[in-house]
Structure formats: C-alpha cells, structure tokens
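Q: A single structure is presented below for examination.
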Amino acid sequence: MKSLKELKVDLVMRQPVQSLDAEWPLRRAAQFLLEHGFSGAPVVDESEKIVGVLTLKDIARYAEWHLGIEEWSDEMDPEERLLHAQPRKKDGGTFTSTLVDQMTEPMVVGLMTKKACTVKSGTALSEAMSILLEGHMHRVFVVGPEEELLGVVSTMDLVRFFHDELADS
C-alpha cells in the first residue's frame, strides 16, 4: 500500500452512483432508497451536478411530523422507525413499508438537504476522512472539474478498503 498521505479518494470511491431526481415524489425516492439498501443518495440535475442529498432519516422525520406517527418508541431513531414500519413486499416484489405507501404529495426537492458534502477527484483520502469525521457524516461525494458527480466514498467503503488492505499485507 502507498503511504496513507498519498492515497486519493479516487482509489476508494464507488461508481457509478445511483442518484435521485429533484422532481421525484417523496414516495418514489423512499422506495428507491429502501429497494437499494441505501441510507441516502445524491439528488442531481440534468447535467449530473449535485443539487442536494436525501436520506432515510430526512424521510423518516417527514413521516413522523406529517403523518401523525406518535406511538413509536423513543429508543428508535427516525430511520429505524421508517424501516420497521411494517416492511413488506408489494406486488412485483418492490420493497416498501406502510409509511412509504402514505407518502404522495411532497417532492424530493422540498425535503432534500440543499448542500451535499463534496470533494474534487484527486483529493487526498485523509482530507475526505477529516471532512467525514468533523461533520459527523456517512458519505462524501466525489465530483469532477465541472462539478459533475463521479463517485461516492462512504464510511463503509473506507472500512472495506482498509480491511482488504490489512488482509492482503
């Protein structure tokens, strides 16, 4: 393995990145995240530039505030509440939940976080890790020279990369 200071985000980033459209209904975005097993995804415009990020936590907070859900245990965080709200398979095998089925009105653009955490391709991996640690975040998106989405580095990607490097040494 190269010196840790020489490692770049490009070595660890996952690509291609599955993304959401800002004009999708929230229900479609929630089903997309659940089906793919993602805790969040970038929201991109027509030119593949990131305009925001939407997470299951954002969707779960919406469900809690706007769908009158009050009976959940205080020990469960909002993301767990969404995932455990009677998950089931719909016709055709689409994974959803009873809460997701109730989401019809809002659009992704109205609920997404407008600022996504990004780094340029070629950024030192140590810098990206510092950003994740300082911001208490789970993912950083890698963008190209025109700010187009190239990849993502999540905390799990980092654990997997270092695990594999240690196993091979």
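Rule-based calculations on the coordinates, nothing more; no lab input. It should be emphasised that the depicted structure is a prediction, and the values quoted were computed from it without experimental measurement. Here the Cβ is made from the backbone with ideal geometry for all residues, glycine too, and neighbour counts use every protein chain on show.
Q: Starting at the first residue of region 119-133, write each ³J(HN,Hα) from the Karplus equation 6.51 cos²θ - 1.76 cosθ + 1.60 with θ = phi - 60°, in whole Hz, x for Gly and Pro.
A: 3J(HN,Hα) across region 119-133, in whole Hz: 9, 7, 4, x, 5, 4, 4, 4, 5, 4, 5, 4, 4, 4, 5.
Q: Quote the Stokes-Einstein diffusion coefficient, in whole µm² s⁻¹, for region 119-162, based on the Kirkwood radius over alpha carbon pairs, a temperature of 25 °C and a viscosity of 0.890 mPa s.
A: 231 µm²/s
Q: Tabulate in residue order the Karplus-calculated ³J(HN,Hα) for region 108-114, using 6.51 cos²θ - 1.76 cosθ + 1.60 with θ = phi - 60°, rounded to whole Hz; enter x for Gly and Pro.
A: Taking θ as phi minus 60°, the curve returns 3, 4, x, 10, 5, 7, 6 Hz for region 108-114.
Q: Under 5 Å between amide H atoms, partner at least 5 residues away or on a different chain: which partners does Thr118 have, H built in plane at 1.01 Å?
A: It is Phe141, by chain and number.
Q: Sticking with this structure for a sec: Explain nothing, just compute: Karplus ³J(HN,Hα) = 6.51 cos²θ - 1.76 cosθ + 1.60, θ = phi - 60°, for every residue of region 15-22 in order, whole Hz, x for Gly and Pro.
A: Ordered by residue, 3J(HN,Hα) equals 8, x, 9, 6, 10, 10, 9, 4 Hz.
Q: For Phe162, put the label point 7 Å out on the Cα→Cβ axis and report which residues of region 132-153 keep their amide N under 16 Å from it.
A: Zone members listed by number: 132-140, 153.
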